[in-house]
Each structure stands twice: as C-alpha cells, then as structure tokens.
Amino acid sequence: MKALPLALAGLLLAGTTAFAEDMSEPMPPKDVHWSFEGPFGTYDRAALQRGFQVYKEVCSACHSLNLVAFHDLGGGGEGSPGIFSDAQIKAIAAGYKIAAEPNDKGETTDDKGQPLTRPGIPADHFPAPFANENAARANNGGALPPDLSLIVKAREGGARYVYSIVTGDGSPVPHGFKVIDGKYYDPYFPGRNISMPPPLRADSVTYSDGTPATVDQEAHDVVTFLAWASEPKMEERKHIGLGVMAFMVLLSGLLFLSYRRVWKDAH
Amino acid sequence: MSGPSTYVPKSGFSRWMDSRLPLARFAHDTMLTFPTPRNLNIWYAFGAILTVMLGIQIVTGVVLAMHYVANANLAFDSVEGIMRDINYGWLIRYMHANGASFFFIAVYIHMFRGLYYGSYKAPREVLWILGVILYLLMVATAFFGYVLPWGQMSFWGATVITNFFSALDQIVPHMGSSIATWLWGGYAVGDPTLNRFFSLHYLLPFVIAGVVGLHIWALHVPGNNNPLGIDVKGPQDTVPFHPYYTVKDGFYVALFLLVYVGFVFYAPNFFGNPDNYTPANPVVTPPDIVPEWYLLPFYAMLRSVPQKLLGVLVMAGSLVTLVFVPWLDTSKVRSSRFRPLMKQFFWLFVVDCVILGYCGSQGADASLEMMHGMQLPLVWIARLGTAFYFAFFWLIMPLLGLIETPKPLPASIAQPVLSPAE
C-alpha cells in the first residue's frame, strides 16, 4: 500500500518528462563502468595501452594532447606503475617528429622552407596535429577539435560523457530532427549537432593483445587513456590517501579518548 | 573576565624576559589558563577549526605561489604543471582548492552558531562585527583565488563580478564603467587583472590573520558566550582552556580534517566546476556562469532583482545587514534554546539560505516542473527567499524580541551541568 502513491508519482513524473523531451537537449550519458572508479580503483594497464593506441592511430589526427609528455607514460609516482617501459617510451617518442631547435646557422627551416624537425625524446610533449587554431579550423570545416589533455575533467559527466559522445556520434537520426549541413547527429552532445565525424569504426585499430576491436571496446579503452591523461596522479593520490585517512582515523580516536579522560572529572 | 594573571616565571631567563616582553605570560593567560565556560558544545569548535584552515590555506598557498605564474598566457599551464610535474603538486593544489570550500563550510557553521546562541549580543557586538569583516575578507580572497587558474569560469566569473560596478553608471554616467576599467587595468578582464588579483590574493590572507587576532582579542575581553547564553557567574562555571578545550577542540578539528582529507584524496573536484579545466577564452562565453557554491545564495539574490543596480544593492545589502544584527535583535535572552519562536525562525532562515543557494546554482531561466506540466520559475522562489532573508533580520528579529515569551533561564552554567537536570 505504501508503494502505491510512490508508483503514481513515478508515473506522473515519467509522463511529464516524456512530454517535456526536447530534441535540442542532450540525452544523459550512457551508464558505463570503469576500472578507475571508487576509492580503490586504478587504471587498467592493458586498457591504457590499447587506449593509447586508439588515441595515436585515430584521435591524434585532429586532437592535440598538449599537456602530456612522453615520459608521463612511465608512471605517476607511488602506487602507480608505468604504462610502458622506459625503452618503449623512448621508441614511442622517437616515432614523433618534433619541431627542432634552430640549427648551427640559426635556421629553423630547411632549403625548401619546411620547418626543421627532429625525432622526439621522452621529455617532449605530444606534438599537436595542427600548427595553430586557424590551421585546425581550416582542416575541420571551421570547427576546432578540442585539446584532449583535460577533456574528461573538463566535461560534466566525465568519462561517461566522453564515451557517450564517441559512441553516440552518427546514431540514426530520429524523425523530425534536422541535422545541420556538414554536421553529424550525436544525441549526447549539446544541441545534438556535432562537427566531429563518427570517429571509431570496428577494427579502426588492430590490438596486439588480440582483443576484438569493437567500437565499444575502442571507445572504452581510449576514454580510459584520456581519463589517465586528465588525472595522471590519481593512483598516487588514492594510494597516499589511504594512509592519510588511516592516520586521521587513528588520531581522531586517540584524541577522543584523551577528551573523554580529561573531561571525566569536570562534570 | 580573564582576571589577574596567574603566570609564574620559573627560570632566570623567563623572569628576565617577563619584565621585558611578557610573551610567555600572554600565551599562558590566553591559551592555557583562560577561563572558558564549561558547557561549550561541538558548534563552539569551529573557531579552532577555522584557525587551522586559515593556517592550511596560507601554507599551501605560499607553496603554490612558488610554482604559479601570474600571466594570462601561462597561468593555466602553470597550474597544470603543478598538477603533473611538481612533486606532490597535485596534493598541495587539491588541499588548497578544497581547503577554500571547507573554510567556508566552517565559517558558515560558525556564523549560524553565533546567530543561534545570540553570540552577537552585548557585550560581544565588536566581536561579531569583526567576524562580519573577516567573512567579507574571505569572500574577496576566495574570489581572487578562483580567478588565478585562468580557466573559463575564472575568466567569466571575474568578468561578471567586476561588471557589478558598471551598474553605478545608472547613478552617475560613466562612473561605474570607469571604476571597472580601473579595476581591470584595461578595457576587459585580462593580464593586468590577473596580476593584481594574484597580488591581492597573496595579501588578503595576512590581513585576515591580523583581523583574526583582533577577533580573538575581542573574544577574550568578555569571554566566550555559551549554549545557555547566560553570563559566567564564577569559577564554578568555567574550566581552564587547557587541557579542557585544547583536547576537545583538538578532537573536533581532527574529525573535521578527516572529512576534508576524504575530499582531497577521493573527490578532489567535487566542489569544482568542470568548465574551469578549459583555458580562459574571452570569445567563448560558457552557457551558465555560476560562482563557487559558497556564493550561490548571494548570486540568487542578485539575479532575483530585474534591475541591475538594484540587484547589486540588494546583494550588498544582504551582507551589510549582518553588521546591524546586534541591534536588530531586541530580545533580552541570548540563546535560542530559551526562545521558542526564534528557534523556529532560525531554522527557517537556514532552510531559506539553502533554497537561495539552490536557486543560484540553476540557470537564469530555470523553473520547477509542477504537476500537469505547470512551470514555476525559480526566479520567483528566489524572490520569496530574498524577501525572507531581509525580513528575518529587519522585521522578525526586532519583533520577536518584543512579542516572544522566553523560557525561564537557568540560574547558572554550573547548575544545569552539574545536576542531572530536569
């Protein structure tokens, strides 16, 4: 009997929200779960490695990762082992061309007027795909692909939101919704018109660990990697936090006992 | 109240020092033997908690300033450098950012406690007013600090707040915008603004520390109020501050810090706005510009008035009102424990502040969904809330003192504490 009014209220609410559904409002993010959730959650190392591959082979064509250095892939302090070994990081860095410092003659361009480059070293940051904002916009139909260094922390909904954007892009367009020319339908994006073409396809990448590269798998992996990029010290933070919490509980307990003892005769 | 000093210098050096600069005597009388009412409850621990939080903010802030770069082109990346490259930089920054929120949690509890127990009433009016000044200094410091990471909310928050001054154009043409230009050091929020805000953000905490000194001095002259709101009648009503309150406050400080470090380590961005992890961009306005949670009630009051100048005046008035509280309360009884009507209105006032905070957190044209698809615009709730805020201080407080019949007061603090009362 107690549940009846609640159920009625629920029906009413459901009715009003269905009535109020507005196609220009984004849908709430998908309910996905992550290895790094909760007070003991850590980044799944295999997912980070696969996610790095997805970023490198797909996202980095348009999106920069300006705040992350190659050596960051080598671990984030106490309780946070590296994603790759030092040798792997050297190899990864060397695979990138970095704008070189001026040569002996003080030149920054070669005979053909092209900027001088050199292979990356672990201390370098990931190079951006475009030289500047105008170049990025010119190559993306006027839209600016955001830097991904902090994307998971910079969006309401965090990892779930980014996952929903990446997997929701290119969803079937509902009847009555008009997609703006040159844009794509993404029900999770504010306004539901997104400039980014659907970024992931099945087998966009080939995983060396044999994991089937479905769109969901690729998205889950790359969002894990981007969550790490946003908060590379999370594991160290939780690791140290455990000790600090234990210390504070102990200190509070001892202070409580002292308090009881000191006040025993005062009443 | 502190009475004659009981300090006895023990060594030759302390006798020599005592007749030149009696620092030890001062510490002994104010921190050790200071007679303190024996019935102070948990809500009286927030003064100590606030002192600790001020210390944490200053220490972490000084360290952050060693690595932070106050330059519009470099500020955002320098904060991220602290988060990523500086050893334990993430810890210092999260302690500082969450420390601000917990500082405000503590100050609000401290203020509500003062309101509930009538701690502003004679002879503690100056103590209360110093507290109001401290609160205003905290708000200013927090505002300047929030601008420093130079994220989207930093930039646009600074733009919105400094633009309040341009409302003065409606009194004297160009006066307000001239003030705004002067504050910015240019024609918009920019690099000069960031630099002066950093300078002020570093200066004000030390001003706060100074006023805290006055606040504690003004506390030590009449002595603590207490939950019964009656005066201390003699030594049987008090205990020495040490060890009784050092250990009791110490316990509550530890409990408070336990919750604080819980947020620092496990939900460090809970109080933050995601938009502030996007670098400031003067050409892209975020869809909703919201201040930090501790300013939301005032933001709601500002927006509830359709006219800009009046809105700014209402918001300023809500703060200035606090200065007059000692004279607006006409009751002869301090503590709401013995004021049945005041007790109810006090809790209504607390709820009102929470509702105003909620209204401030929502978009400007948000509304509550009622049954049958009816919409109740939140701005009307904010207007009611604003009206109640002012009515509480300017109508209810003066009237209640005249019409309310307080419950009988206990004879002394010792009596209800010592006898297993009722």
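Coordinate-derived values only; no laboratory data. Please read these numbers as outputs of a predicted model, since none were measured by experiment. Quick reminder, even Gly has a Cβ in these numbers, built from the backbone with ideal geometry, and neighbours come from all protein chains shown.
Structure notes:
- Taking chain A as a Gaussian network of alpha-carbon nodes connected by springs under 10 Å, the highest mean-square fluctuation of the residues A:PRO122, A:PRO187, A:PRO102 belongs to A:PRO102.
- Efficiency of FRET from Cβ geometry, A:ASP31 and B:TRP380, R₀ 51 Å, rounded to 0.05: 0.90
- Residues of the range B:60-74 with amide N under 17 Å of a point placed 7 Å along Cα→Cβ from B:ASP85: B:64-74
- Averaging 1/r over every pair of different alpha carbons in the range B:108-159 and inverting the result gives a Kirkwood radius of 12.8 Å.
- Distance from the Cα centroid of the range B:322-383 to that of the range A:191-244 is 44 Å (rounded to whole angstrom).
- Here the range B:174-244 and the range B:66-113 have alpha carbon centers that stand 19 Å from each other.
- Per-selection Kirkwood Rh - the range A:143-218 (Cα, Å, 1 d.p.): 13.8
- In the calculated pair-distance distribution of chain A, the portion above 26 angstrom amounts to 57 percent of the Cα-Cα pairs.
- Computed over the range A:193-257, Kirkwood Rh from alpha-carbon pairs, angstrom: 15.6
- Value of D in µm² per second that Stokes-Einstein yields for the range B:150-304, Kirkwood Rh from Cα pairs, at 20 °C (1.002 mPa s): 106
- Rg/Rg_ref, the range B:233-327, where Rg_ref = 2.2 N^0.38 Å and atoms are Cα: 1.74
- Length added when fully stretched, B:ALA267-B:ASP231, from 0.36 nm per residue minus Cα-Cα: 8.6 nm
- Cα-based shape type of the range B:46-117, given that a ≥ b ≥ c are square roots of the gyration tensor eigenvalues and the cut on a/c is 1.5: prolate
- Structure remark: mean-square fluctuation, Gaussian network model of chain B, C-alpha springs under 10 Å; the largest value among B:GLY186, B:GLY131, B:GLY118 belongs to B:GLY186.
- The base-10 log of I(q)/I(0) for the range B:271-374, evaluated at q = 0.23 Å⁻¹, reads -1.29 [Debye formula, identical scatterers on Cα atoms, solvent excluded].
- Whether chain B is rounded, prolate or oblate, judged on the alpha carbon gyration tensor where a/c under 1.5 counts as rounded: oblate
- log10 of Debye I(q)/I(0), alpha-carbon scatterers only, for the range B:327-370 at 0.14 Å⁻¹: -0.52
- Given 13 as the ceiling on other Cβ atoms within 10 Å, longest exposed-site-free region of chain A for chymotrypsin sites (Phe, Trp or Tyr not before Pro) in DSSP loops: A:41-176
- Cα gyration tensor, the range A:122-267 - rounded (a/c under 1.5), prolate or oblate: prolate
- From the alpha carbon centroid of the range B:141-165 to that of the range A:141-169 is 25 Å.
- The C-alpha atoms of the range B:1-55 occupy a region whose extents along the principal axes are 41, 27, 15 Å, arranged from largest to smallest.
- Remark: C-alpha extents of the range B:269-317 on the principal axes read 33, 27, 14 Å, sorted largest to smallest.
- Computed [θ] at 222 nm, helices only, for the protein assembly as shown once each DSSP H run of length n ≥ 4 contributes -39500 (n - 2.57): -16500 deg cm²/dmol
- Extension gain from B:ALA387 to B:THR330, taking 0.36 nm per residue of separation minus the Cα-Cα distance: 18.5 nm
- Volume per residue that the Cα convex hull of the range A:33-96 spans, once the total is divided by residue count, Å³: 108
- Computed from the C-beta positions of A:ASP181 and A:GLU57, the FRET efficiency with R₀ = 22 Å rounds to 0.15.
- Chain A: most fluctuating residue of A:GLY113, A:GLY38, A:GLY77 per GNM, C-alpha cutoff 10 Å: A:GLY113
- Over the range B:76-123, equivalent-ellipsoid semi-axes from the Cα gyration tensor in Å: 38, 8, 7
- Annotation: lysines with alpha-carbon distance below 18 angstrom to A:LYS90 (same-chain offsets under eight excluded): A:LYS56.
- Convex hull of Cα atoms in the range B:86-238, direction-averaged projection (nm²): 12.8
- Kirkwood-based shape ratio for the range B:333-422, expressed as Rg/Rh from alpha carbons: 1.20
- Normalised Debye scattering of the range A:72-161 at q = 0.13, 0.18, 0.22 Å⁻¹ gives log10 I(q)/I(0) of -0.69, -1.07, -1.15, counting only Cα atoms as equal scatterers and leaving out solvent.
- Extents of the range B:130-198, largest first, come to 33, 31, 17 Å (Cα atoms, principal axes, whole angstrom).
- If the convex hull is drawn through the Cα atoms of the protein assembly as shown, its volume per residue in Å³: 259
- Per-bin percent of Cα-Cα distances, the range B:1-103 [10 Å]: 13, 26, 19, 20, 17, 5
- Taking each residue as 0.36 nm, the span from B:VAL320 to B:VAL284 lengthens on full extension beyond its C-alpha to C-alpha distance by 9.5 nm.
- Chain B: DSSP helices with Cα axial extent of at least 20 Å and average Kyte-Doolittle hydropathy no lower than 1.6: B:46-67, B:125-147
- Inter-site label distance for A:THR108 and A:ASN139 at 7 Å from Cα along Cβ, in nm: 1.9
- Out-of-range pairs (alpha-carbon distance over 23 Å; input A:LYS153/A:LYS178; A:LYS153/A:LYS233; B:LYS121/B:LYS248): A:LYS153/A:LYS178; B:LYS121/B:LYS248
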